[in-house]
Amino acid sequence: MAPPPLLTLAGLRLELGAQTLFSGIDLAIGPSDRLCLLGRNGAGKSTLLKIIAGIIEADGGERFVRPGVSIAYLPQEPDLGRYDRLFDYVAAGLPSSQADAAFRVEAALAEVNLPADANPRTLSGGEQRRAAIARAFLGEPDVLLLDEPTNHLDLPTIEWLEGRLAAFRGAIIVISHDRAFLSRLASACLWLDRGVVKRLERGFAAFEEWVEQEYARDATETAKLDKLIAEETRWSREGISARRTRNQGRLRRLDGLRQERRSRIARSGTAALAAAEGKTSGKLVIEAKSISKSFGERVLLNDFSTRIMRGDRIGIIGPNGAGKSTLLKLLTGEVAPDSGVVRLGTNLEMLLIDQKRDSLDPDLSLWETLTGGSADQVMVRGQPKHVVAYLKDFLFSPAQARGPVRALSGGEKNRLMLARALAKPSNLMILDEPTNDLDMETLDLLQEVLSDYEGTILLVSHDRDFLDRLVTSTIVLDGNGAATEYAGGYTDSLRQAAQAPKTSDPQKPSTRLNAALTSRPPQKPKNPGKRMSFKQKHALEQLPEEMRALEQDISLLEKAIADPQAYSRDPDKFMLASKKLDRCRAELEEKEEEWLALEMLREELENE
C-alpha cells in the first residue's frame, strides 16, 4: 500500500486581475517524489511553487499538508539583505530552537565553504546561492522546493548539488532550465500548460516527446475553442515538431564537425600542423602556440596550444576562478600572453555576448529596439529580413511587435536582447555565460541560432546539455594552469578524460569542488594614477608572507577539526576552532584576491 501523500492540492485556482493563471489544479506529492515542474515562460511555475510552499494563498481550492510535515523553499532570488551575518541567515532555516543549532549551522556553512561571520550583502551571486542551498537543507525538511537552484553555480558545484540531492530522503520539486540537471534528478514531470498541471510518470528525458504527443491529442479539441487559442496551440505544437526534426539534422552535422575537429586535435603539435598551414589560408581564425599566463605565483594557463578554424565551435569549462574569461581574452588578442604566440586570422568581425547583456529601453517598442524606428527590415548576417518575421523567429507574435518593451516578461526580454545582438554582422562570436537566466525555450532558440551560425564560436558555459548539443570541442581548465582540449562536448570530455593515462597526482572531486568554491575572480583595484602608491607596493610585498602564515593556521585547524572525537571531547573548543577556521579562510581569500589584483595592476602598468 502506497504511503499517504505529504501534501495535496485540490481544485486550486489563482487569478491575477482579469486573468486566470490556474484553474482546477489537483496535485499530490508523495514522500519519495522527485518532480520537475516545467512549462512555458510566464506560465506561473514560480507562483505555483510559492503556493505549494505556503508563501502565497490561492483564490480557490484547498492546500493540505500532512501534520508534522516540514517544507523548505529555495527562491530564485534569495534575499539575504535583512541579515548582518551569514550565520543568522542560515540559522533562520531551522524550524525551531534546538540544542545543537549552532553546530548544525556551522556544519552546513562548512559544507558549502562559506564563513559564518561574512556579511551576506557582500557575497557574489554564486555565494548567495550556496548559502541559500545550505539553509534549505539545514532543517532536514520532508519536502524541498527549488526554484532555479543551479543559477550562478559553476560545474563542480552543480555536480556536488546533484549528489546532495540524490542522497536527500524527502520529496523534491524543482524548476530548472538545466536539462542535464533535470535528467539526473527527476523521476516524474509536472507540466504546467494553460493553467492546468499534467503529470508524466517518467523522467525528463521523455518529456519533450510526451508534450508533442499531448499537443497532437489536443489538436482535434482545439477546433471547438476560440480561434485565437486554437492558433496558439497549433503554433506551439508545430514549433515543437519542427524543432525536433531540425535538431536531428543539426546533430548529424555536428557529429561530422566533431570528427573533423578530433583529427585536427590529434595532429596538433606535430610536423603535420605546419605542413597543413598553406591549405588553410583564409580559413585560420586563431592559432595559439605554447601560451602561458600568470599573475605573480598564480598560474592560470601553462603551455597551451590550439588552432581554431572557421566554423569551429569551442566550449570552455572549468571551476570559478580557473581563468575561463582570461583564456577568451588571450585567444581574441585582448590580453597578451606571458609567453607563446597568439595569431589572429584576417577580416575578423567579433561579436561578444555575455551575462551582462545590454539593457533595453522600456519605452521603445520591440520594432524600434531592433530597427531604430526608421525601417521595417533588420539586417541579419548581411541579409535583409522583415522585422516581424525576425521577431517570430524569436517566438514573438506579430501583435507584440509594436508593443512596449516594458510589457515583456523576463524571459521575453532576454530573447529580445539576444535577437538584437545576433542581428549584428560577425564571423567570430564570443559568448561568456550566455545561458544565465534564460528559460528553456530561449535556450532552445539560442542553440538553434548558434547551430546554424556559419562563423566561429568561442563559448564559456556551465550548461552541460547546451555544450553537448553545440560545440565541436571542449577546452577543460583545471584551475591549476592546465588546459586540455577534447573533441566533442562536455560528456565527450568526461569520457576521454577517463580513458586518458592517470597523472601522478590526480585531483579528487572534493578538491575540485573546494577549488571552485574558494576561487573568485579578482576585483581590479581603483588606481587613477599611472603608478602604484607606496601603500600598494608595501601590500604587494607583505601579502605573500601573510598568506603563508594563514595557510599554516588553516592546516593546523583543519587537522584538529578532522578528529572524529573532537566535538564530543570538548564541544566549546571545537566550536571555537570552527569559527577561527572560518575567519582564517575568509581572511586568506581576501588577501589572495587583494594580492592578485595588485599583481595584475603592477603588470599592466609595466606593460604600458
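The values are calculated or read from the model by the stated rules, or taken from the named source; none is laboratory data. Note that this is a predicted model, so its numbers are computed, not measured. We place every Cβ from the backbone using ideal geometry, glycine too, and count neighbours over all the protein chains shown.
Listed residues L301, L360, L330; which is crowded, with 16+ Cβ neighbours inside 10 Å, at pLDDT 90 or above, out of contact with any Pro (no Cβ under 7 Å at 6 or more places or on another chain) and not basic (K, R)?
L301
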With respect to the numbered conditions (1) of a type outside the set (F, W, Y); (2) loosely packed, with under 13 Cβ neighbours inside 10 Å; (3) part of a strand (DSSP E or B), which one is the sole condition not fulfilled by A10? (2)
Out of the residues in the range 413-460 meeting the condition of being of a type in the set (D, E) and within 22 Å of A389 (Cβ to Cβ), tell me which one is modelled with the lowest pLDDT. E441
Counting only residues that are of a type in the set (D, E, K, R) and assigned to a strand (DSSP E or B), which one in the range 314-370 is nearest to G481 (Cα to Cα)? R343
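Hey, which of the helices (runs of 4 or more DSSP H) in the range 506-608, taking only ones fully inside, have at least 3 residues that are modelled with pLDDT of 60 or more? Steps first, please.
Values: elements: 509-518, 534-562, 566-569, 571-607.
Counting at least 3 such residues, we get 534-562, 566-569, 571-607.
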Is there a residue in the range 444-452 that is surrounded by fewer than 22 Cβ atoms within 10 Å (Cβ to Cβ), free of Cβ contacts under 8 Å to residues at least 40 places away in the same chain and of a type in the set (S, T, Y)? no
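Go through the range 13-39 and report how many residues are of a type in the set (A, V, I, L, M) and under 10 Å from G195 (Cβ atoms). Steps first, answer last, please.
Pass one, the range 13-39, residues of a type in the set (A, V, I, L, M): 14, 16, 18, 21, 25, 27-29, 35, 37-38.
Next, only the ones that are under 10 Å from G195 (Cβ atoms) stay: 14, 21, 25.
Selection size over the range 13-39: 3.
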Check on D463, modelled with pLDDT under 85, out of contact with any strand residue (DSSP E or B) (no Cβ under 8 Å at 6 or more places or on another chain) and surrounded by 22 or more Cβ atoms within 10 Å (Cβ to Cβ): no
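Determine whether D193 is at pLDDT below 90, assigned by TED's automatic domain parsing to the domain that holds P4 and not basic (K, R). Steps first, please.
Numbers: at pLDDT below 90: yes; assigned by TED's automatic domain parsing to the domain that holds P4: yes; not basic (K, R): yes.
Yes, satisfied.
Here is a check on your reading of the model: is G126 of a type outside the set (F, W, Y) and out of contact with any Gly (no Cβ under 8 Å at 6 or more places or on another chain)?
Numbers: of a type outside the set (F, W, Y): yes; out of contact with any Gly (no Cβ under 8 Å at 6 or more places or on another chain): yes.
Judged against the criteria, G126 is a match.
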